[in-house]
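Below is one structure, written out as structure tokens; the observations come after it.
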Amino acid sequence: MKKIAIVDIKGGFGNQIFQFAFANEIKKLGYKVYINKSFYDFKNKITKDSTYRELILHENNFNFQKAGNAILVFFKVLTKLNLSNKTKWFFKYFDKVFIKYDDYNFDSSKLNHKFVYLDGYWQNIEYLNNNLDFIKQSISNDIKIKKSLNSPINKNETLLIVRRGDYIDMKEDLDITFYKEALNYFEKLDLEVNLNIFTDDVDWVNKNKLFDIAKNVYGPEDSSEGVIDLFSKMITNEHYIICNSTFALIAAILAEKKSSHVLIADPWMRNYKNEKLFKSNWIKIKNTRPKY
């Protein structure tokens, strides 16, 4: 029997790309990989909160199939049987893995069973590096993204992402000093900065004089069309202040040139284990707790 794996897709666009890259890694190990996107099957999409997201690109773009009801029920039964001490020994070919935040420590050598269920965010930049061509080819199935990827970069255009929203509740929002230091970095190098801000809190950005130099301020988008439009704008920049946003990280790793400067928050998250979410040539800016 062919080895079968299910990979959950969840979260925003940045997380989705990490998960599809991870799914491709599992595919390389000889597994028939199915995608479970039940995270997006909201019963009532009218009631939206800060965790609401949409699947931005269809799994077909990545050459994967959706896990149908039959296979999901099959894996659900295996899970229950595997958790029972009376039957666990019998189902030695099934391994269910649930990892969150520290799933960059996941060891793929564990995947030696017939049936594997993988639920995590898999935020390891090596999954992106190892599957960069796969990601570019897959997302280029969208015409707007393809056009931006194939266009010359806009010289001196600099992306800055300001994420607040759910980060405030998580106490992971960045202090204003982070943004000051990031902009000072370019000033010290005497580099022209045409700032394009992408944020989920336009009011907060507009209230801070530091951001008055911005050429453009783009607000949040929930729909797949809106997210694709934002992402297409993001990947035309030359420089990237990605802070601690996987959405911006994906843009930077796809669009970075030799002339690019990429700045990140250090640590990426203050309250969780640090993911492997940086390249050796990227510049780290200290991430300190805001004074609430």
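None of the figures in this text is laboratory data; all of them are computed from the coordinates on show. Here the structure is a predicted model, which is why all the values come from computation and not from measurement. So basically every Cβ, Gly included, is an ideal-geometry build from the backbone, and we count neighbours across all protein chains shown.
List of remarks:
- TYR272, TYR167 arranged by Cβ crowding within 10 Å, fewest neighbours leading: TYR272, TYR167
- Calculated from backbone phi, Karplus (6.51, -1.76, 1.60) coupling profile of the stretch 147-153 in Hz, x at Gly/Pro: 4, 5, 4, 8, 8, x, 5
- Under-5 Å amide H pairs with VAL162, H placed in peptide plane, nonlocal only: PHE198, THR199, ASP200
- The string of couplings for the stretch 250-266 from the Karplus curve (6.51, -1.76, 1.60, θ = phi - 60°) is 4, 4, 5, 6, 7, 10, 4, 10, 4, 7, 6, 10, 10, 10, 10, 7, 10 Hz, one whole number per residue in order, with x for Gly and Pro.
- Taken one residue at a time, the phi angles of the stretch 277-291 give Karplus couplings (6.51, -1.76, 1.60, θ = phi - 60°) of 10, 8, 9, 4, 8, 7, 8, 9, 10, 4, 9, 10, 5, x, 8 Hz. Gly and Pro are set to x.
- Across the chain, Cα pairs under 8 Å and at least six residues apart give a relative contact order of 20 percent.
- Residue among ASN237, ASN15, ASN82 with the largest mean-square fluctuation in a Gaussian network model of the chain, springs linking Cα atoms under 10 Å: ASN82
- Residues VAL162, VAL262, sorted so that the one with the fewest Cβ neighbours within 10 Å comes first: VAL262, VAL162
- Difference of contour (0.36 nm per residue) and Cα-Cα distance, ASP222 to SER38: 64.5 nm
- P(r), alpha carbons of the stretch 215-260 - 5 Å bins starting at zero, rounded %: 5, 21, 31, 27, 13, 3, 1
- Taking other C-beta atoms within 10 Å as the exposure proxy, SER232, SER280, SER140, SER259 rank SER280, SER259, SER140, SER232 from fewest upward.
- Put simply, when 172-180, 130-138 are sorted by average Cβ atoms within 10 angstrom per residue, most first, you get 172-180, 130-138.
- What the Cα atoms of the stretch 114-189 give is an Rg and a Dmax of 18.0, 56 Å.
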